[in-house]
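The values are calculated or read from the model by the stated rules, or taken from the named source; none is laboratory data. Keep in mind the model is a prediction, meaning the values are calculated, not measured. As a convention, Cβ positions derive from the backbone with ideal geometry for all residues, glycine included, and neighbour counts pool all protein chains shown.
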Amino acid sequence: MLETPIILIAIAVALLVFLGGAFIMGRRPGRDLELGDGEITGAKGAVGGSTAVLDRPDVELDLTDGRGLDELAVDESEIDLDAVDTADADVAVVEEVEAPVAKPSFFDRLGKARNAFTGYLGGLVGLSKIGDDDWEELEEALIRADVGVSTTMNLIGDVRSRAKEAKAENGAEVLALLKARMHEELEDKDRSLRIDDGKTNVWLFVGVNGVGKTTTIGKLGKRLSAEGNTPLMAAGDTFRAAAAEQLTMWAERSGSEIVRGSEGGDPSSVIFDGVAAAAARGCNVVLGDTAGRLHNKSNLMEELSKVRRVAAKEPGHVVEVLLVLDATTGQNGMAQAKVFTEAVDVTGVVLTKLDGSAKGGIVFAIESELGLPVKLVGLGEGVDDLVDFEPTEFVDALFE
């Protein structure tokens, strides 16, 4: 009589051992599944490691052995096949989102100019009364910062008159008046880069060797493309070795069209061909590179005038002639600017390497003595470091 209960107990124990072993084997590391809210997620083996969405939150499924959907006791109509990724489980596809590039800060990038400027003026801040000697020191400080002699004299003359009217005598008050006057000096200038609708707009870039014309064109090409324009680069610098190759590289990086001529060829013909190609291909802006020319060589400047005339022939529509200057050259840049302006009717200035110059005052000399607006400035070597010139930020950075 006792044999029957003993047999039943033995069978029950064996069944428990078998089920326990199966459960442990199914929970091997790296193959766990999480079930909840009708969603099955797994690492390796669960439908190729992908996710299957079921309308059966009450159903518990064991996919740990890598079985396919055909072995599941689930109606295929209940499976959201769009959510099933049959790709290799070990490959994670991540959508890359390009983070917005932060605009370079004038304050952060004008360290050298700011330190030099505040170094000159720092001794005046704590003075309780500004005397004649102090006014002379202030003049010298502005001249050392390359503001220019005539511009400096005008600025100081106006500030002294205002200080007298406002009865401002201490250093802090005088410097506040100087800052306000320098803001006024840079106000009300058209710093826009012109593009006329329905035209084959031409932007010519001129300047001496080594100031960064080709790099400026490359950076502007990227910017124009990002803004929805279709730029074409014309490699008019046919004399400098590898100039065309450098511009070609920039064209590829920015998605721009390019026209180049033979080495040593006529730069005017390259610009003309670039304009014709732009009109044929539907490009609305031609960025014309030119060879670096010495501003004291009259024959080279005459050739540049020819480039300007040829670029304006139909269908060309010259709207910008941008003089590229190296900010670190200081007053020497003024001599360049005067000659180039006479030769090709410059519309604006691109001031490169401003972040590495202690002579930021050249901005005031250019705008006051030449009447040319500084339209773009280089605040670094990166492709996004060529930015619109912001006069308010510039002056504030010098005084902070």
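Since Arg308 meets every condition but one in (1) over 22 Å from Asp237 (Cβ atoms); (2) crowded, with 20+ Cβ neighbours inside 10 Å; (3) among the charged types (D, E, K, R); (4) at pLDDT 90 or above, which condition does it not meet?
Only one criterion in (1) over 22 Å from Asp237 (Cβ atoms); (2) crowded, with 20+ Cβ neighbours inside 10 Å; (3) among the charged types (D, E, K, R); (4) at pLDDT 90 or above is unmet by Arg308, namely (1).
Test Val286 against the stated conditions and say whether it is in contact with a Leu (Cβ under 7 Å, 6 or more places away or on another chain), under 20 Å from Leu376 (Cα atoms) and assigned to a strand (DSSP E or B).
Criteria met by Val286.
Among the residues of the range 381-388, is any touching a strand residue (DSSP E or B) at 6+ places or on another chain (Cβ under 8 Å), under 19 Å from Ser105 (Cα atoms), at pLDDT below 90 and not assigned by TED's automatic domain parsing to the domain that holds Leu138?
Of the range 381-388, the ones touching a strand residue (DSSP E or B) at 6+ places or on another chain (Cβ under 8 Å) are 385-388.
When the remaining residues are screened for being under 19 Å from Ser105 (Cα atoms), the result is 385-388.
Now narrow it down to the ones that are at pLDDT below 90: 385.
Now restrict to residues that are not assigned by TED's automatic domain parsing to the domain that holds Leu138: 385.
Yes: the range 381-388 contains one or more residues that are touching a strand residue (DSSP E or B) at 6+ places or on another chain (Cβ under 8 Å), under 19 Å from Ser105 (Cα atoms), at pLDDT below 90 and not assigned by TED's automatic domain parsing to the domain that holds Leu138.
What is the one condition in (1) free of Cβ contacts under 8 Å to residues at least 40 places away in the same chain; (2) under 19 Å from the mean Cα position of the chain (by Cα) that Arg181 does not satisfy?
(2)
So, in the range 144-155, how many residues would count as being surrounded by fewer than 22 Cβ atoms within 10 Å (Cβ to Cβ) and either free of Cβ contacts under 8 Å to residues at least 40 places away in the same chain or closer than 12 Å to Gly360 by Cβ (or both)?
Looking only at that region, the number is 3.
If Glu137 satisfies all but one of (1) part of a helix (DSSP H, G or I); (2) at pLDDT below 90; (3) within 20 Å of Ser368 (Cα to Cα), what's the number of the condition it fails?
Result: Glu137 passes all but (3).
Tell me the residue from Ala113, Ala83 that is aliphatic (A, V, I, L, M), at pLDDT below 70 and within 24 Å of Thr392 (Cβ to Cβ), please.
Values: Ala83 fails: within 24 Å of Thr392 (Cβ to Cβ).
Result: Ala113 is the single residue among Ala113, Ala83 that is aliphatic (A, V, I, L, M), at pLDDT below 70 and within 24 Å of Thr392 (Cβ to Cβ).
When you go through (1) assigned to a helix (DSSP H, G or I); (2) in contact with a Ser or Thr (Cβ under 8 Å, 6 or more places away or on another chain); (3) farther than 21 Å from Gln331 by Cα one by one for Ser150, which number turns out not to apply?
(3)
Has the range 207-216 got at least one residue that is over 22 Å from the mean Cα position of the chain (by Cα) and among the polar types (S, T, N, Q)?
Among the residues of the range 207-216, at least one is over 22 Å from the mean Cα position of the chain (by Cα) and among the polar types (S, T, N, Q), which makes the answer yes.
Restricting the search to the range 225-238, which residues are surrounded by fewer than 16 Cβ atoms within 10 Å (Cβ to Cβ) and over 17 Å from Asn201 (Cα atoms)?
Ala226, the sole residue that qualifies.
Residues in the range 202-217 that are more than 17 Å from Val270 (Cβ to Cβ) and in contact with a helix residue (DSSP H, G or I) (Cβ under 9 Å, 6 or more places away or on another chain): how many? Break it down stepwise before answering.
As a first pass, look at the range 202-217 and keep what is more than 17 Å from Val270 (Cβ to Cβ): 207-212, 215-216.
Now narrow it down to the ones that are in contact with a helix residue (DSSP H, G or I) (Cβ under 9 Å, 6 or more places away or on another chain): 207-208, 211, 215.
So the answer is 4.
Can you tell me which residue within the range 346-370, out of those that are modelled with pLDDT under 90 and not in a helix (DSSP H, G or I), is surrounded by the fewest Cβ atoms within 10 Å (Cβ to Cβ)?
Within the range 346-370, the match that is surrounded by the fewest Cβ atoms within 10 Å (Cβ to Cβ) is Leu370.
Just give me the residues in the range 204-220 being surrounded by 24 or more Cβ atoms within 10 Å (Cβ to Cβ) and in a strand (DSSP E or B), in sequence order.
Listed by number, the residues that qualify are Leu204, Val206.
If you go through the range 221-239 one residue at a time, how many are part of a loop (DSSP other than H, G, I, E, B) and within 24 Å of Leu354 (Cβ to Cβ)?
2
Could you look through the range 332-342, keep only residues that are of a type outside the set (D, E, K, R) and over 20 Å from Thr214 (Cα atoms), and pick out the one that is surrounded by the fewest Cβ atoms within 10 Å (Cβ to Cβ)?
Across the range 332-342, the extreme among qualifying residues is Ala335.
Conditions: (1) at pLDDT 95 or above; (2) under 25 Å from Asp388 (Cα atoms); (3) in contact with a Ser or Thr (Cβ under 9 Å, 6 or more places away or on another chain). Val202 meets all but one. Number of the miss?
(3)
Here's the yes/no breakdown for (1) over 21 Å from Ser305 (Cα atoms); (2) under 25 Å from the mean Cα position of the chain (by Cα); (3) of a type in the set (Asp, Glu):
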| site | (1), (2), (3) |
| --- | --- |
| Pro231 | yes, yes, no |
| Ala235 | no, yes, no |
| Arg253 | yes, yes, no |
| Ser268 | no, no, no |
| Val275 | no, no, no |
| Ala280 | yes, no, no |
| Val286 | no, yes, no |
